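Below is one structure, written out as structure tokens; comments come after it.
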Number of protein chains: 2
Amino acid sequence: MRFFEDIEVGQRREIGSFTFTAEGIKRFAAQFDPQRFHLDEEEGRKSLFGGLAASGWHVGSVCMKLLVADGYRQAREAVARGEEVAVWGPSPGFRELRWIRPVLAGDTITFASEVVALRNSSSRPAWGILEGRFTGTNQKGELVYSVLSTAFVPRRKNGG
Amino acid sequence: MRFFEDIEVGQRREIGSFTFTAEGIKRFAAQFDPQRFHLDEEEGRKSLFGGLAASGWHVGSVCMKLLVADGYRQAREAVARGEEVAVWGPSPGFRELRWIRPVLAGDTITFASEVVALRNSSSRPAWGILEGRFTGTNQKGELVYSVLSTAFVPRRKNGG
């Protein structure tokens with residue numbers, strides 16, 4: 001987790017990859033999204049998705065999982081370098097949550113973050129506002145998932 | 001699941017209620033959002049949330065779970081009345097996904113849907129476009145969750 005001054009528009013970072021197995025897709029769906037095309041291979045093949053497809057909430061949750069792991073990894077690395085770790089504010093929500101293509105059993109999705117915009121916070125001068133996009137891309141290079149996020153990111157206390 | 005002609009702006013429907021237990025919050029968080037305030041009561045109390053808080057993706061996934069169950073319930077009821085069941089198109093995504101207040105262990109959230117706008121689809125005349133809002137409200141009547149959704153809803157084939 002970096003400070004606001006260290007971030008530039010256009011910066012991109014790979015967050016991590018995840019392979020959606022048939023078993024994992026069905027387990028999530030049984031608990032949270034028990035539609036037939038998320039639960040059964042044959043029903044998936046007959047559906048618009050063309051195969052056993054992961055619930056969109058599963059895809060979003062996996063992106064979150066990798067994001068948290070990546071944040072902790074960055075924090076550990078910063079600590080190991082003797083640097084101060086920036087603690088970001090919680091995200092109040094997301095915009096434009098899009099499931100662009102189905103995520104099918106066996107697909108490996110690589111998630112990335114990209115800095116879309118940076119602006120000052122008039123109400124909270126110790127913080128900057130970062131607009132970022134998280135994306136998921138499958139093993140064929142096709143964009144499958146995209147969401148926009150706004151986060152409050154702390155500035156360095158010394159202004160530098 | 002109703003046909004486009006049967007839907008009016010402003011229609012509201014309770015989808016169902018769900019109580020978030022500490023155990024369920026931790027189980028989801030361990031798998032998908034292992035931040036400390038989602039995993040441990042004491043860390044939650046020390047956080048901005050003021051208690052063990054459910055991951056936002058958990059809240060969204062539970063809303064989806066209740067939505068699917070409600071859809072199947074409506075379809076069964078329509079079949080029991082001898083009516084034709086409308087099969088809605090898949091949702092391509094959501095907008096304005098907002099976690100407005102924390103969902104804490106023990107909270108019971110009642111989810112509802114509300115029809116925000118209806119419009120014709122120029123590209124797909126057999127379908128209408130429904131814009132809806134899903135909300136979650138806690139046992140104190142406080143709005144905790146809101147998301148906007150767009151869905152393709154079939155028209156009756158006979159136009160009536």
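The values are calculated or read from the model by the stated rules, or taken from the named source; none is laboratory data. Note that this is a predicted model, so its numbers are computed, not measured. So basically every Cβ, Gly included, is an ideal-geometry build from the backbone, and we count neighbours across all protein chains shown. Protein only, heavy atoms only, side chains kept; ligands, DNA and RNA dropped before computing areas. Shrake-Rupley method; radii C 1.70, N 1.55, O 1.52, S 1.80 Å.
Computed values, structure above
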item	result
Label geometry 7 Å along the beta-carbon vector: residue A:83 inter-copy distances in nm	5.9
Too-long pairs where the Cα-Cα distance tops 26 Å, listed order kept, from A:26/B:46; B:46/B:140; A:65/A:157; B:65/B:157; A:157/B:46	A:26/B:46; A:65/A:157; B:65/B:157
Spin-label model distance (nm) - residue B:43 vs residue B:96, 7 Å beyond Cα toward Cβ	3.3 nm
Highest-fluctuation residue, B:31, B:11, B:74 considered, GNM on chain B with Cα pairs under 10 Å	B:31
Inter-probe distance in nm under a simple model that places probes 7 Å from Cα toward Cβ, at residue B:17 and residue B:139	0.9 nm
Whole-number accessible area per residue in Å² for region A:1-82, which is evaluated in the context of all protein chains at 1.4 Å	51 Å²
Total accessible area lost when A and B pair, probe 1.4 Å, Å² to nearest 100	2600 Å²
Spin-label model distance (nm) - residue A:120 vs residue A:78, 7 Å beyond Cα toward Cβ	2.3 nm
Label 7 Å beyond Cα on the Cβ vector: residue B:156 copy-to-copy distances, nm	6.8
Accessible-area ranking of A:41, A:84, largest first, probe 1.4 Å	A:84, A:41
In region A:72-118, trypsin sites (Lys or Arg not before Pro) in a DSSP loop with at most 12 other beta-carbon atoms within 10 Å	A:81
Angle in degrees between helix B:22-32 and the longest Cα principal axis of chain B, rounded to the nearest 10	80 degrees
Copies compared at residue A:36 - label distances in nm, ascending, label defined 7 Å from Cα in the Cβ direction	4.8
Shielding by partners, peptide A:122-135 (average Cβ within 10 angstrom, other chains)	0
Residues whose placed amide H lies under 5 Å from that of residue B:128, excluding near-sequence neighbours	B:153, B:155
